[in-house]
Amino acid sequence: MIVAPSLLAADFLNLGREVEMVNTSDASWLHLDVMDGRFVPNISFGFPVIEAVSRVARKPLDVHLMVEQPELWIDKVAALGAEYMNVHFEAARHLHRTVQAIRDAGMRPAVTLCPATPVEVLRDIINDVDMVLLMSVNPGFGGQRFIPATIGRIERLRHLIDEATAPVLIEVDGGINHETACAVLAAGADAVVAGTGVFRASDPRAEIAYYNSL
Ligand code: DX5
Ligand code: ZN
């Protein structure tokens, strides 16, 4: 399956080395978590940092904006050369307009759902997005425990996507380990984000290779 290591769990004192590890791994994408301290009760890193990362990253960037008014940042994310721009359903008031603007800026639009948001809210926009990012923890922090109800949510979302015959990927973010990755794959997910599970492992490249092999 597709694996996107989340830089949030990396060693920030050695970011260049961590990005190079991902560059030389089986990872499909590099996941970047931006937080504003308002949409989520935490602040991670901002544009000066991810601009530096983007200059050395050789994997497509999967940018996850945990911010209010994500539409304000479309041009800056596009300037990074990002492949995917993920905006939260709960933070984007005019979601359709935002999704169109992301595509017009040359990126693949993705919509992110918090654990309490029913997947059915995407029914009328599913043909306009390239990916849905399902949060399997509450956004804002790495290292949290996977919420089991996510499995049923993936199944329902897969059904909704298949019904619409839309070529939309399902990515799952939070609490991914060997066990939960197998469960989300069986439920119909295409991609996993793994932070702690990759960067805090003794052999991060081997962990990435494992998820990639599923
Ligand atoms: C959480 C972020 C995740 C986070 C996942 O808000 O969206 O991408 O880095 O971390 P782990 O894999 O440690 O749960
Ligand atoms: Zn994320």
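The values are calculated or read from the model by the stated rules, or taken from the named source; none is laboratory data. A quick note: this is a predicted structure, and the numbers were derived from the prediction, not measured. When we count neighbours, we look across all protein chains shown, and the Cβ atoms used for this are built from the backbone with ideal geometry, even at glycine. For accessibility, only protein heavy atoms count, side chains too; no ligands or nucleic acids. Shrake-Rupley method; radii C 1.70, N 1.55, O 1.52, S 1.80 Å.
Structure summary
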read-out	value
Subset tally (residues that are within 16 Å of ligand 1 (Cβ to nearest atom) and open to solvent by 40 Å² or more (accessible area, probe 1.4 Å)) for the stretch 124-135	0
Selection from the stretch 196-214 of residues that are outside any helix (DSSP H, G or I) and of a type in the set (A, V, I, L, M, F, W, C)	ALA201, LEU214
Criterion: closer than 17 Å to LEU8 by Cα, more than 16 Å from ligand 1 (Cβ to nearest atom) and surrounded by fewer than 19 Cβ atoms within 10 Å (Cβ to Cβ) - qualifying residue of ARG145, ARG205	ARG205
Boolean, GLU71 is away from ligand 2 (no atom under 15 Å from the Cβ), open to solvent by 30 Å² or more (accessible area, probe 1.4 Å), under 15 Å from ALA110 (Cβ atoms) and out of contact with any His (no Cβ under 6 Å at 6 or more places or on another chain)	yes
Considering residues of the stretch 1-36 that are within 18 Å of the chain's Cα centre (by Cα) and open to solvent by 30 Å² or more (accessible area, probe 1.4 Å) only, the residue nearest to ligand 1 (Cβ to nearest atom)	LEU8
Unique match (being within 21 Å of GLU71 (Cα to Cα), surrounded by fewer than 16 Cβ atoms within 10 Å (Cβ to Cβ) and in contact with a Leu (Cβ under 8 Å, 6 or more places away or on another chain)) among VAL111, VAL121	VAL121
Given (1) buried (at least 20 other Cβ atoms within 10 Å of the Cβ); (2) more than 16 Å from ligand 2 (Cβ to nearest atom); (3) among the aliphatic types (A, V, I, L, M), number of the condition VAL53 does not satisfy	(2)
Filter pass, ASN138 being open to solvent by less than 10 Å² (accessible area, probe 1.4 Å) and closer than 17 Å to SER6 by Cα	no
